[in-house]
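Some notes on the structure that comes next.
Please treat every number below as a calculation from the coordinates, not as lab data. Just so it is clear, the structure is predicted and the values come from calculations on it, not from any experiment. Cβ sites come from the backbone with ideal geometry, for glycine too, and all protein chains shown count toward neighbours.
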Amino acid sequence: MEGTCLPDVLAVGLDVFWICIMSNNKKPNLPAMPFYIGDWKKDPAVMAMTPEDEGIYLRLIMLCWESENRGYLQINNKPTPIELLARMIHLDNQRLTIWLTLYQDNFCIFGLTDDNIMYSKKQVDILELSEKRKNAGKKGGNPVLKGIKKIRLSTGKPISKPNAITETINIDEDVNEDESGIKNIVTEFYKYQKSQFSDLVKFDERQINDGIQIINYLVRLDGFSLESITEVLKFIVNDDFWSKQVLSLNGLRKKSKNGNTKFVNALLKSRTNNQLDVMQFNLKEAEKFLERGEQNEKE
């Protein structure tokens with residue numbers, strides 16, 4: 001190889017050799033490394049980094065993902081030596097040591113096992129969640145949601161609108177946090193909104209796919225249960241104000257002027273209305289109780 005120094009060839013060969021060692025074991029079957037841009041940009045440690053430092057961090061995260069034990073910086077069940085780690089991301093030992101001292105010591109950007117093996121906390125969390133969902137699927141679904149049947153997007157109140165939501169949306173199968181259950185909810189939501197606001201609502205495959213993604217984000221990133229999301233959609237389509245405000249699911253996670261997302265505002269409003277309904281019911285029951293007492297006194 002004319003013009004190429006032997007040490008350079010050996011260096012490249014060693015890099016390839018160690019990467020092969022790190023990635024030769026069977027890892028969880030996920031199609032790609034999850035990378036949430038919003039979380040990355042909001043991370044205080046990343047905000048303190050220079051562009052070069054960000055590049056180092058990203059290379060280390062990618063090594064975690066391709067490790068023999070996905071998420072962990074290890075070789076043969078031992079911590080990857082700092083000298084080797086530096087070579088694998090094309091740094092000298094001193095530069096990597098300074099980087100780790102600055103960001104690991106101050107921000108704890110990597111977790112640390114009892115054996116001093118560094119690991120990506122987010123990757124490990126994602127893998128654990130994926131494994132739980134896979135095991136739950138083998139047993140027939142999420143055990144928390146398994147018993148939720150016939151979730152109806154209705155308040156149970158009389159609705160004067162034609163084709164009311166109580167008649168159109170009825171989910172009869174078990175609803176799990178999977179795409180089929182979510183797609184059903186999204187499809188029925190758009191069907192009903194289209195029937196009420198035909199000129200304003202788009203109802204096509206793209207809207208369905210976008211809606212599925214939004215619901216997934218509400219569950220996976222924002223931490224809402226599918227049951228809570230269903231209840232909020234139930235409130236939205238039956239409320240005169242909110243039904244006009246949410247013609248598409250795409251805006252549910254956008255922030256309003258008060259700093260809350262549109263979904264959170266709808267959730268708070270729905271719970272306020274429910275509390276008022278309970279109060280009104282209790283008042284009526286109290287009035288009936290007093291009336292019965294007065295009748296008993298007369299008798």
Here the gain from full extension of Thr187 to Met62, 0.36 nm per residue of separation minus their alpha-carbon distance, amounts to 41.3 nm
For Ile37 and Ser130, extending 7 Å from Cα along the Cα-Cβ vector and measuring point to point gives, in nm, a value of 2.1 nm
Row for region 26-126, column shape: gyration tensor on C-alpha, a ≥ b ≥ c, rounded if a/c < 1.5 i.e. under 1.5, prolate if a/b over b/c, else oblate; value oblate
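Rank the residues Ser198, Ser130, Ser270 as a footprinting-exposure proxy: fewest other Cβ atoms within 10 Å of their Cβ go first.
Numbers: Ser198 9, Ser130 14, Ser270 21.
Starting with the residue having the fewest Cβ neighbours, the order is Ser198, Ser130, Ser270.
Going by C-beta contacts inside 10 Å, put Lys134, Lys257, Lys183 in order with the fewest on the left. Provide the component values of the computation, followed by the final result.
On the way: Lys134 11, Lys257 6, Lys183 15.
Result, fewest neighbours first: Lys257, Lys134, Lys183.
Among Lys244, Lys262, Lys234, which comes first, then next, by fewest other beta-carbon atoms within 10 Å?
Working: Lys244 13, Lys262 18, Lys234 21.
Listed from fewest to most nearby Cβ atoms, that is Lys244, Lys262, Lys234.
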Pseudo-spin-label distance Leu102 to Lys194, built 7 Å along Cα→Cβ, given in nm, is 5.4 nm
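Using the structure shown, list the pairs from Lys132/Lys269; Lys121/Lys234; Lys234/Lys257; Lys234/Lys254; Lys42/Lys244; Lys122/Lys269 with a Cα-Cα distance above 27 Å, or answer none.
Lys132/Lys269; Lys121/Lys234; Lys42/Lys244; Lys122/Lys269
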Here, Lys244 and Asn209, labelled 7 Å along Cα→Cβ, have an inter-label distance in nm of 3.3 nm
